[in-house]
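**Student:** One structure, as structure tokens, below. Some questions next.
The values are calculated or read from the model by the stated rules, or taken from the named source; none is laboratory data. Quantities reported herein were computed from a predicted structural model and do not represent experimental measurements. Virtual Cβ from ideal backbone geometry, glycine too; neighbours counted across all protein chains shown.
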Amino acid sequence: MSEKLTLPLMGCGTWAWGNQLLWGYDPSIDSQLQEVFNYCVANGVTLFDTGDSYGTGKLSGRSESLLGQFSRNYAGANRENICIATKLAAYPWRLTRQSMIAACQASAQRLGKPVDLVQMHWSTANYAPWQEGALLNGLADLYTQGQVKGVGLSNYGPKRLKKVYQKFVERGVPILTLQVQYSLLSTYPVTELGLKQVCDELGITLIAYSPLGLGLLTGKYCEKGPLPKGIRGLLFKRLLPGIRPLLQCLQAVAQYRGKTLSQVALNWCICKGTIPIPGAKSLTQAQDNLGALGWRLSDGEMTELDRTAANLDRKMVQNIFQTR
Ligand SMILES: NC(=O)c1ccc[n+]([C@@H]2O[C@H](COP(=O)([O-])OP(=O)(O)OC[C@H]3O[C@@H](n4cnc5c(N)ncnc54)[C@H](OP(=O)(O)O)[C@@H]3O)[C@@H](O)[C@H]2O)c1
């Protein structure tokens, strides 16, 4: 029987920790990232989401390596609750269950300790359905062999989830978590496909990734710029005019509550019964994000935010691997 994992109300995403292409990572910020890590853990935000595909070019695996290093350096409160959740990519060359076991062992090597929660990064159902069975078997093996404390999925919709759940039940492997893109800018598949209800029925905790809409919901980016460099800037340019009513609504709620836009956006995820895992690159961002804890939006505020979000003519693009 595997050890139990304790999941906090909020986690911290680390996609940017090593990614130069999309996030402009530079190793000179590593000391800052250690501060983010320390602050999160000390304040009970003990879940860190990473992936074996995180880190661009020669920095491949950097996010996991940094998390290993930061965990070793950390000696403060809540150390025992640190949960490193990695995602194993369904690379086209990963074809066997053994390849998943080897991948998890490589992640553990970079972390310098066993992986706590291992997640299937995405389903191959949309483009290579024959590949998935072996990979999922490998994922379940990791649990039955006691190499990880928990198993989760990512980018699965309700239909696909139910199928995998049934297979895992047959093997006595519980699915602890499912992470999908979820924010006020992205309610598919949670709302539109009814994923939250299915997760509740199956006892699976829903994790909300990109809960700040890649930074858009912090309110710091506007049409006049400056926008982030590269793909994110191009995407924001396209989305910003159409999401103005939502930013205005967030601003009004934030002002009334004495909170920031990020805190309102993250609190919305928590009130929807999910665990948001906002990415943070600096202590200031982490401090701001943790201000989403310890209070709740009212039903009226939630309704207003939902209504405004539903009426937008632009939404965040969906992950191409998201299944139904
Ligand atoms: N399973 C999957 O396929 C998948 C896909 C995507 C993400 N994820 C996970 O989800 C995590 C979070 O999503 P994300 O990183 O894509 O996007 P996000 O959390 O929506 O946005 C994070 C970015 O917003 C900015 N930011 C964060 N807090 C801020 C604050 N308080 N004030 C101002 N700016 C702030 C930072 O970027 P700037 O400073 O550059 O603006 C930060 O990198 C990822 O790190 C990753 O672990 C998983």
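**Student:** If the Cβ limit is 9 Å and pairs must be 6+ apart or interchain, which residue in the stretch 214-230 that is at negative phi pairs with which residue that is within 7 Å of the ligand (Cβ to nearest atom) and of a type in the set (A, V, I, L, M, F, W, C)?
**Tutor:** Thr218/Leu212; Pro228/Trp23; Pro228/Leu214
**Student:** Just name the residue that is nearest to Trp17 (Cα to Cα) out of those in the stretch 43-84 that are without any contact (Cβ under 8 Å) to a residue 24 or more places away in the chain and charged (D, E, K, R).
**Tutor:** Lys58
**Student:** Determine whether the stretch 231-240 contains at least one residue that is modelled with pLDDT of 95 or more, among the aliphatic types (A, V, I, L, M), over 17 Å from Val151 (Cα atoms) and under 19 Å from the mean Cα position of the chain (by Cα).
**Tutor:** no
Residue-by-condition table, conditions (1) hydrophobic (A, V, I, L, M, F, W, C); (2) surrounded by fewer than 22 Cβ atoms within 10 Å (Cβ to Cβ); (3) modelled with pLDDT under 95; (4) within 14 Å of the ligand (Cβ to nearest atom):
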| position | (1), (2), (3), (4) |
| --- | --- |
| Leu206 | yes, yes, no, yes |
| Lys220 | no, yes, no, yes |
| Ala265 | yes, no, no, yes |
| Gly273 | no, yes, no, no |
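**Student:** Would you say Ser65 is touching a helix residue (DSSP H, G or I) at 6+ places or on another chain (Cβ under 8 Å), buried (at least 19 other Cβ atoms within 10 Å of the Cβ) and farther than 24 Å from Thr144 by Cα? Spell out how you get there, then give the answer.
**Tutor:** Numbers: touching a helix residue (DSSP H, G or I) at 6+ places or on another chain (Cβ under 8 Å): yes; buried (at least 19 other Cβ atoms within 10 Å of the Cβ): yes; farther than 24 Å from Thr144 by Cα: yes.
Answer is yes for this residue.
**Student:** Name the residue, out of Leu261, Leu235, that is touching a residue at least 40 places away in the same chain (Cβ under 8 Å), crowded, with 19+ Cβ neighbours inside 10 Å and either of a type in the set (Phe, Trp, Tyr) or within 30 Å of Leu67 (Cα to Cα) (or both). Give the steps one after another, and end with the answer.
**Tutor:** On the way: Leu235 fails: crowded, with 19+ Cβ neighbours inside 10 Å.
Answer to the check: Leu261.
**Student:** Here is a list of conditions, (1) more than 30 Å from Leu5 (Cβ to Cβ); (2) within 15 Å of the ligand (Cβ to nearest atom), and Arg238 meets all of them except one; can you say which number that is?
**Tutor:** Every listed condition holds for Arg238 apart from (2).
**Student:** Can you name the residue in the stretch 173-232 that is among the charged types (D, E, K, R) and part of a helix (DSSP H, G or I) and, of all such residues, is farthest from Leu246 (Cα to Cα)?
**Tutor:** Restricting attention to the stretch 173-232, the residues satisfying the condition of being among the charged types (D, E, K, R) are 192, 196, 200-201, 220, 223-224, 229, 232.
Subset that is part of a helix (DSSP H, G or I): 196, 200-201, 232.
Details: Lys196: 23, Asp200: 28, Glu201: 31, Arg232: 19 Å.
Applying the filter and picking the extreme gives Glu201.
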